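Novice: I have a structure I would like to understand better, so I am pasting it below and will then ask my questions one at a time.
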Amino acid sequence: MKVKVKLFATLRENREKEMMMDLQQGATPKDIIKRLNISQEEVAIIFLNGRSVKVDKALEENDTVSIFPPVGGG
């Protein structure tokens, strides 16, 4: 199945900011994170089609997954 993946802020370093990924049926955001070599500590928020989800939420064809790092600053 095809899924659109959007990365934000520091997660874009040395990666595409937006890409289409071909994943197996039943894949989750955790599978995407692993495939992109992103550590769990680098991920703070995951949106699936504009709604916040956990890393183990099953994805469906044509979903859009947005992955955000923790917000820093002071």
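The values are calculated or read from the model by the stated rules, or taken from the named source; none is laboratory data. As the structure is a prediction and not an experimental result, all values here were calculated from the model. Ligands, DNA and RNA are stripped out before the accessible areas are found, and what is left, the full protein with its side chains, is counted by its heavy atoms. Shrake-Rupley method; radii C 1.70, N 1.55, O 1.52, S 1.80 Å.
Novice: Ignoring ligands, DNA and RNA, how do E18, E13 rank by accessible area with a 1.4 Å probe, largest first?
Specialist: The residues order as E13, E18, largest area first.
Novice: Considering all alpha-carbon pairs of region 34-74, what whole percent are spaced by more than 11 angstrom?
Specialist: 69 percent
Novice: Further question: The chain: D in µm²/s via Stokes-Einstein (Kirkwood Rh, Cα pairs, 37 °C, 0.692 mPa s)?
Specialist: 267 µm²/s
Novice: Continuing with this model, one more query. For the chain, give me the percentage of DSSP beta bridges that are antiparallel, rounded to the nearest 5 percent.
Specialist: Of all bridge pairs located within the chain, approximately 75 percent are antiparallel.
Novice: If I compute solvent accessible area with a 1.4 Å probe over the protein chains, what percent of it on the chain is carbon and sulfur?
Specialist: 46 percent
Novice: Per residue, how large is the accessible surface of the chain? Use a 1.4 angstrom probe and give square angstrom.
Specialist: Result: 67 Å² of accessible area for each residue.
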